[in-house]
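What follows is calculated from the coordinates using simple rules that are stated; it is not laboratory data. Please read these numbers as outputs of a predicted model, since none were measured by experiment. All Cβ positions, glycine included, derive from the backbone under ideal geometry; neighbour counts span all protein chains shown.
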Amino acid sequence: MRLFRSRWNGLASIIGVVAVAGSVASVTARPGPPAADEARLRQALEVITPALPKAHVRFLSHDLLRGRDTGDVGFEIAREYVVGQFARIGLQPITGPSYLQEFDLLEAGADRGSELTVGATRLAKPDARFTPAWLTGRATWEGAGVFVGYGLATHGRDDYAGADVRGKAVFLLNGLPDNWSADRERARAAAARVEIARRKGAAVVVELTPHDRMPAGASAGTEPPRRVVVMADGSRPRLRVDAAVSGPAATALLDAWKWVAADGTTARDVGTVRLVRAHDIKRLKSWNVVGIIPGSDPARRNESVVFSSHLDHIGIVPPDANGDTICNGAHDNAIGTSQMLASAEALVRMRPPRTIVFAAVGAEERGLLGSWHYVRNPVMPIETTVANINLDGGREGTITDDVIDNAADLSDMARIVRQVMGAQGIGVTQDRSPAALVGFSSDHFSFLLAGIPTIDLKPGYSVNGDPQRGWTERMHYYETQRHKPADN
């Protein structure tokens, strides 16, 4: 029996999966819920009607919320909405009567003359973008530079061979070699290239995106600027490059270095490099909204499962062809937040044995910062957090026969989810979309860095047995709606 099917985006299917996975997640998984648990789950899911999550999505993606950007009043309205929903559902606050985790951020303001000089070539905006010197606002570095191709040092490849980059500026190519681009394991390894450069002693890291590798329809300086934000101590879960050179300017540097893709002798000296970073630095705040269902089993209530879903989106952008400027973020991530609220609605009635934490996190679009704050300031000890279930995105109007389990293969979560799903006749597949090839594109990455087994659940690709229909719809979303006013 397909217990979790729904006529609205397969939503009850996802809620059922996360409810069961959240209840049974452990080192030793059961093949499915026992009869008593299934009966309780069935009763709990009766409260989840299509109208409930639709109402959440409708409100959170309304123009009134101005795209829920970090630091904007629209996000604060969304925050208070989720606070009210947590209280209505009956979740326990985390501090006295409060559900809020507040955290401080730094935001890059106006560029005050940042520039990158490589030999005789001087680059500034819009050909180059610069990461601020967060704690001082201005910093200057000068020294030798080395180009190391893609900067890969894994899976039998070493682009650093013969190069000493200690105390130098390292230049890396954006993207992957052709024979790496479809390999999930290699792509994941390549995602750590900035960390690899730092471990090898690089003082500065610069990324190059040459003209023939620019995203379709984009060129340097023409895309809407994205706000750059970090934690108040300058940290973030992913290390950033110090500067990035795009388009013809990057191509010109590669031509000057006489580098071609087929060149096997990648690493080479590029002369003297001077990097000046000068920015205004602003301070702002954001919040996570966190509620708890205390565990019902005295022996396991000190263990927890964390549901995460980012509440923010990207706010206001230049007008599109229809004159719309508000990125409402219905799919990204009002749907994910509605899924989490619906999961809480069901689980509070099941009284699971472990404590369940629900975290609607802020500042995901600015670098996974809300989840990064949570794992460094957890409401339940990280050491006894047994799993994270992240909900980021969905699709309305299509019933899928499967779900996507991003990053589950990095822990025992893959086996658990497949066992639970298999018992319900629901398939499991991997995400093939560009942003998810590495599997680290959402808040589950912060939990992964903290050593917590994690999964990022999404509707799958198979529709009435057709494995390509959902994929076609997903790619249409990426091309026409994602991070655009059309996502409404």
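General remarks:
- The stretch 108-281 shape via C-alpha gyration tensor axes, a/c threshold 1.5: rounded
- With neighbours defined as other Cβ atoms within 10 Å of a residue's Cβ, the residues 127, 178 order from fewest to most as 178, 127.
- Cα gyration tensor shape of the stretch 224-358, rounded if a/c is under 1.5, else prolate or oblate by comparing a/b with b/c: prolate
- HN-Hα J in Hz across the stretch 126-143 - Karplus 6.51, -1.76, 1.60, θ = phi - 60°, x for Gly and Pro: x, 6, 9, 10, 10, 7, x, 7, 4, 8, 10, x, 9, 8, 10, 10, 9, x
- HN-Hα J in Hz across the stretch 69-79 - Karplus 6.51, -1.76, 1.60, θ = phi - 60°, x for Gly and Pro: 6, 4, x, 9, 4, x, 5, 5, 5, 4, 4
- Residue order, fewest to most surrounding Cβ atoms within 10 angstrom, among 461, 150: 150, 461
- Most to least packed among 241-247, 55-61 [average Cβ atoms within 10 Å]: 241-247, 55-61
- For the stretch 108-281: relative contact order, % (alpha-carbon pairs under 8 angstrom, 6 or more apart): 43 percent
- 3J(HN,Hα) couplings calculated from phi for the stretch 87-102 with the Karplus curve 6.51 cos²θ - 1.76 cosθ + 1.60 (θ = phi - 60°) are, in sequence order, 5, 4, 5, x, 6, 7, x, 9, 9, x, x, 9, 9, 9, 10, 8 Hz; Gly and Pro show x.
- Counting other Cβ atoms within 10 Å as a rough exposure proxy, the listed residues 413, 475 run 475, 413 from fewest neighbours to most.
- 27 Å Cα-Cα threshold exceeded, pairs from 125/200; 125/168; 285/484; 258/484; 168/285: 125/200; 258/484; 168/285
- Dipole magnitude of the stretch 271-377, debye to nearest 20 (Cβ charges: Lys/Arg +1, Asp/Glu -1, about Cα centre): 600 debye
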